[in-house]
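The values are calculated or read from the model by the stated rules, or taken from the named source; none is laboratory data. Fair warning: this is a prediction, and the values are worked out from it, not measured in the lab. We place every Cβ from the backbone using ideal geometry, glycine too, and count neighbours over all the protein chains shown.
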Amino acid sequence: MTAVHRAVLEAKGPVLQFDQPTGFSARGSSIPVVTNLFGTTERVAAGLGVSLDGLDDLGSFLAALRAPTPPDGLRDALSRWPVLKAALSTRPKVVKTAPVQHACHIGPDVDLRALPIQTHWPEDAGPLITWPVVLTRPFGSEPNAAQGYNAGVYRVQVLDRNRLIMRWLPHRGGAGHHRGWARNNKKMPVAIVLGANPATLLSAALPLPETVSELTFAGALNQSRPRLVPARTVPMLVPADAEIILEGWVSPNEMAPEGPFGDHTGYYNPAEPFPVMHVTAVTYCEAPLYLSTYTGRPPDEPAIIGEVFNRLALPTIRAQIPEICDLWLPPAACSYRIAIVAIDKRYPGQARRVMMALWGMLPQFSYTKMIVAVDADINTRNWDDIAWALATRMDPGRDVITLDRTPMDYLDFASPEPGLAGKIGLDATTKIQSETKREWGTVMRSSEADLEFAQNLVNKRMPELQP
Ligand SMILES: Cc1cc2nc3c(=O)[nH]c(=O)nc-3n(C[C@H](O)[C@H](O)[C@H](O)COP(=O)(O)O)c2cc1C
């Protein structure tokens, strides 16, 4: 299934449904597996309720939400999304009965092995839930205060009939909540949503401002109040219209080695200890579907989602570093390890300032090993353009900055120490004023009229050359 999914994703193909998955359970299952839901940027945008062209506007809205007093350019964004803004302050609707509780397996009837959970790569440690929306709430909060819930997508390893390993990285919302419960020596109630609606899936993966609830944001994108229902065995509310819910408790101190699993870097992660969840109930709707994906060397679905999220993030980044015209994190470089940034350059040293601002001010660039700065005339998404800028506007003796012992994710085994690595910045912008003593080259371009004439002639006389 992983290989089929990858081939279809590479061809920008459709959503896949595997009707009769086999080979995973002693009991067998009649639950079909759905993959490639977010296999194209168009489908990711649709999941957010907009077209690809609408992403920039939604990104401006998110930037305006973050700014305490939005700057002029962004204030307009808030007024263009009045419905969404209003929806963010509406409370979820709590219902008494829900489709997702059509069937309930409780206590000894729980058997996770009856779900068609994929083992994706040959050397994976076991079955891995790849699209869980993990719901947690802070210690001391009320179960019905759903606006304080955190929703995050953290992969979950199946250990046995009723135990899972929660792989929330230490800086995630779920891990923060767990630390709160563990400090009070209490087990934490958790609900895992499998097959949430697309807006909820994407909101859970999106780094939203702290003040915005993922569940409410998803409701706002869907233009409806989120419908929640009390879980059967834990003090939590869960989405009433999901496909499957796993309820349970995460121990304050029980850990188990998670992995190895194939990850977005294209390599297997080493095993690391993470907290264990004891599942007390599995509930599902009539004829449920199990949503899955793989993570692997790009392209994978998270890389496609990342491309869309990066477009959404651009207005937020520009609110802090206004001279940035465009920014691209090539999916092939694991979606964050290399960044290409185009700037509207006005003064000497500006490219270096932008690189240092990205590394220093914005947490999402902490693990970006290489930044290439280019001028606004360079298409940041075109490797030929980037190579031309590097070949003609960059001097390796003058235009390279390197840093040592800066933060890095532990998955980067190329860095000399776990968690600490170097950074490199390549300034491929035009050198101005005191940056150079030499006369700089002038870019050659035909006139617009000549270009148009040539294109018309080619279209007419050599139609087979048309794109
Ligand atoms: C398919 C997929 C798998 C992910 N796996 C993990 C994971 O295993 N651990 C993790 O900490 N984050 C993972 N993430 C990223 C988080 O979901 C994302 O950063 C999210 O914004 C975290 O939410 P939080 O800030 O509320 O914790 C994954 C994202 C996607 C789309």
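A few remarks follow.
- Residue among Phe217, Phe261 that is modelled with pLDDT under 95 and of a type in the set (Phe, Trp, Tyr): Phe217
- Within the range 388-408, residues that are in a loop (DSSP other than H, G, I, E, B) have Cβ atoms under 7 Å from residues that are modelled with pLDDT of 95 or more and surrounded by 17 or more Cβ atoms within 10 Å (Cβ to Cβ) in these pairs: Met394/Leu426; Met394/Asp427; Met394/Ala428; Asp399/Leu426; Asp399/Asp427; Met408/Tyr367; Met408/Ser415; Met408/Ala421, counting only partners at least 6 apart in sequence or on another chain.
- Hits in the range 216-269 (condition: closer than 19 Å to Val156 by Cβ, among the β-branched types (Val, Ile, Thr) and outside any strand (DSSP E or B)): Thr233, Val234
- Ala414 vs. criteria closer than 19 Å to Pro330 by Cβ and without any contact (Cβ under 8 Å) to a residue 12 or more places away in the chain: yes
- Qualifying residue in the range 182-192 (condition: of a type in the set (Gly, Ala, Ser) and touching a Phe, Trp or Tyr at 6+ places or on another chain (Cβ under 7 Å)): no
- Answer residue from the range 193-215, given it is in a helix (DSSP H, G or I) and aliphatic (A, V, I, L, M) and is farthest from the ligand (Cβ to nearest atom) among those: Ala199
- Residue ID - nearest to Asn379 (Cα to Cα), chosen from residues in the range 428-467 that are among the hydroxyl-bearing types (Ser, Thr, Tyr) and surrounded by 10 or more Cβ atoms within 10 Å (Cβ to Cβ): Thr429
- Test: residue in the range 298-321 that is within 28 Å of Gly39 (Cα to Cα) and of a type in the set (Ser, Thr, Tyr): yes
- Scanning the range 216-234 for residues that are within 30 Å of Pro315 (Cα to Cα) and surrounded by fewer than 24 Cβ atoms within 10 Å (Cβ to Cβ) gives Thr216, Leu221, Asn222, Gln223, Ser224, Arg225.
- Among the residues of the range 202-228, those identified as within 19 Å of Arg91 (Cα to Cα) and hydrophobic (A, V, I, L, M, F, W, C) are Ala204, Leu208, Val212, Leu215, Phe217, Ala218, Ala220, Leu221, Leu228.
Conditions (1) under 21 Å from the mean Cα position of the chain (by Cα); (2) surrounded by 14 or more Cβ atoms within 10 Å (Cβ to Cβ), marked per residue:
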residue	(1), (2)
Asn310	yes, yes
Thr316	yes, yes
Ile324	no, yes
Val374	no, yes
Leu390	no, yes
Asp395	no, no
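- The range 270-309, residues that are under 26 Å from Gly176 (Cβ atoms), part of a loop (DSSP other than H, G, I, E, B) and modelled with pLDDT of 95 or more: Ala271, Thr293, Thr295
- Any chance Asn269 is within 15 Å of the ligand (Cβ to nearest atom), in contact with a Leu (Cβ under 7 Å, 6 or more places away or on another chain) and free of Cβ contacts under 8 Å to residues at least 40 places away in the same chain: no
- Test: residue in the range 50-58 that is buried (at least 16 other Cβ atoms within 10 Å of the Cβ) and of a type in the set (Ser, Thr, Tyr): no
- Count of the range 122-180 residues which are basic (Lys, Arg) and over 21 Å from Ala196 (Cβ atoms): 3
- Single match in Leu84, Leu78, Leu115, Leu128 (criterion: away from the ligand (no atom under 16 Å from the Cβ), over 18 Å from Ser251 (Cα atoms) and buried (at least 20 other Cβ atoms within 10 Å of the Cβ)): Leu115
- Criterion (closer than 21 Å to Gly107 by Cα and either within 13 Å of the ligand (Cβ to nearest atom) or not β-branched (Val, Ile, Thr) (or both)) met by exactly one of Arg179, Arg161, Arg227, Arg155: Arg161
- Flag for Leu403 being of a type in the set (A, V, I, L, M) and over 30 Å from Leu202 (Cα atoms): yes
- Test: residue in the range 135-151 that is within 16 Å of the ligand (Cβ to nearest atom) and closer than 21 Å to Gly262 by Cα: no
- Tyr336, sole failed condition from (1) out of contact with any His (no Cβ under 9 Å at 6 or more places or on another chain); (2) more than 16 Å from the ligand (Cβ to nearest atom): (2)
- Breaking point among (1) within 30 Å of Gly248 (Cβ to Cβ); (2) exposed (fewer than 13 other Cβ atoms within 10 Å of the Cβ); (3) out of contact with any Phe, Trp or Tyr (no Cβ under 9 Å at 6 or more places or on another chain); (4) of a type in the set (Gly, Ala, Ser), for Ala11: (1)
- Within the range 235-250, not a single residue is over 26 Å from Gly107 (Cα atoms) and buried (at least 22 other Cβ atoms within 10 Å of the Cβ).
Quick grid of which residues meet (1) modelled with pLDDT of 95 or more; (2) of a type in the set (A, V, I, L, M); (3) over 28 Å from Gly419 (Cβ atoms):
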position	(1), (2), (3)
Pro132	yes, no, no
Glu142	yes, no, yes
Gly152	yes, no, no
Val158	yes, yes, yes
Arg161	yes, no, yes
His178	yes, no, no
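- Hits in the range 272-305 - residues which are touching a residue at least 40 places away in the same chain (Cβ under 8 Å) and among the hydrophobic types (A, V, I, L, M, F, W, C): Phe274, Val276, Met277, Val279, Ala281, Val282, Cys285, Leu289, Leu291, Ile304, Ile305
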